[in-house]
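Each remark here refers to the structure printed beneath this line.
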Amino acid sequence: MQAYYLKKIIFFFCFSLTLLQLAYSQSNVATLKKADSLYKSDNFIQAEVIFEQLLPNIEKPSTALFLKLAFLKEKKGDFLKTLYYLNKAYQQDPNEKILSKLNEIAQLHELKGYELNDFNFLILFYKQYSGFLIGIMLLLSIYIFFVLFTKRYKNSFIPIGQKIFLLIYIIGIGILLNLPDKYHQGIINRDGVLLRAEPSAVAPVVLMIDRGHRLNLIGGNDIWKRVYWDDKFLYLKESDIWLVE
């Protein structure tokens, strides 16, 4: 009997939670429509407030939302937040128009890190087509493994080079799978940020940079992030940078 009532309570709780989530989602949609209406009627101040209040509650913000926020921040003269939202939009929809705007603002404020060099282009290309590329590589690795297994089963000779190639190939796939978690880009969010040689507050200061510069982040922990800047691996505090991807 107790088990029966317990099941009823659990069912009621789950059902109520689902209804609350649905109502909350519908409320966000209605509020977003209101903000869009304010934006279209040039009521930019109220629209900006609502957009920014909603942003943390939206699971997958649209490119259009980031572009609207970038436009609103630019009208206020906030170049830092403009760059931040443009970067967020570009990560979702890399196109020449957004890239041109990023470079325009970066050049105006003499900022570094916005050049589309070969490394950044390859990372961006990989992130766009990672599922397709990894799928092909996995299928190829299965085929290679099947060929080697067949040779082994038939007691055929397997050159050591083929075994080493398969091992390196599998390690390469593992690195690619972990790449999105290790590599990010971020924007310095204040002036006078210290870049240190080691992840420690007592480590020597190598450089000091101001807000707006965009850096490549490769690894780190909850307090310190490792960045690549001026051909060096350096460290800064996580609170000094806004991640844009």
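Structure notes:
- One residue from Lys154, Lys101, Lys163, Lys88 being without any contact (Cβ under 8 Å) to a residue 60 or more places away in the chain and assigned by TED's automatic domain parsing to the domain that holds Asp36: Lys101
- Qualifying residue in segment 99-121 (condition: small (Gly, Ala, Ser), surrounded by 15 or more Cβ atoms within 10 Å (Cβ to Cβ) and at pLDDT 80 or above): yes
- Residue among Ala47, Ala3, Ala23, Ala30 that alone is at pLDDT 90 or above and either over 29 Å from Ser100 (Cβ atoms) or surrounded by 10 or more Cβ atoms within 10 Å (Cβ to Cβ) (or both): Ala47
- Residue in segment 135-154 that is more than 30 Å from Gln92 (Cα to Cα) and not in a helix (DSSP H, G or I) present: yes
- Gln162 meets the conditions (1) at pLDDT below 90; (2) surrounded by fewer than 11 Cβ atoms within 10 Å (Cβ to Cβ) in every case but one. The failed one is (2).
- With respect to the conditions (1) buried (at least 17 other Cβ atoms within 10 Å of the Cβ); (2) at positive phi, Gly77 lacks only one, and its number is (1).
- Given (1) at pLDDT below 80; (2) within 20 Å of Leu243 (Cβ to Cβ); (3) among the small types (Gly, Ala, Ser), number of the condition Gly131 does not satisfy: (2)
- One residue stands out in segment 175-215 among those that are acidic (Asp, Glu) and modelled with pLDDT under 95: the one that is surrounded by the fewest Cβ atoms within 10 Å (Cβ to Cβ), namely Asp181.
- Test: residue in segment 82-95 that is among the basic types (Lys, Arg), buried (at least 20 other Cβ atoms within 10 Å of the Cβ) and either modelled with pLDDT under 95 or in contact with a helix residue (DSSP H, G or I) (Cβ under 7 Å, 6 or more places away or on another chain) (or both): yes
- No other residue among Gly220, Gly186, Gly174 is within 20 Å of the chain's Cα centre (by Cα) and in contact (Cβ under 8 Å) with a residue 40 or more places away in the chain apart from Gly186.
- When restricted to residues that are surrounded by 17 or more Cβ atoms within 10 Å (Cβ to Cβ), within 18 Å of the chain's Cα centre (by Cα) and acidic (Asp, Glu), segment 58-74 contains 0.
- Checking Phe125 against (1) surrounded by 12 or more Cβ atoms within 10 Å (Cβ to Cβ); (2) more than 15 Å from the chain's Cα centre (by Cα), the condition it does not meet: (2)
The values are calculated or read from the model by the stated rules, or taken from the named source; none is laboratory data. Note that the structure is predicted; figures quoted are calculated from it, not measured. Note: ideal-geometry Cβ built from the backbone for every residue, glycine included; neighbour counts use all protein chains shown.
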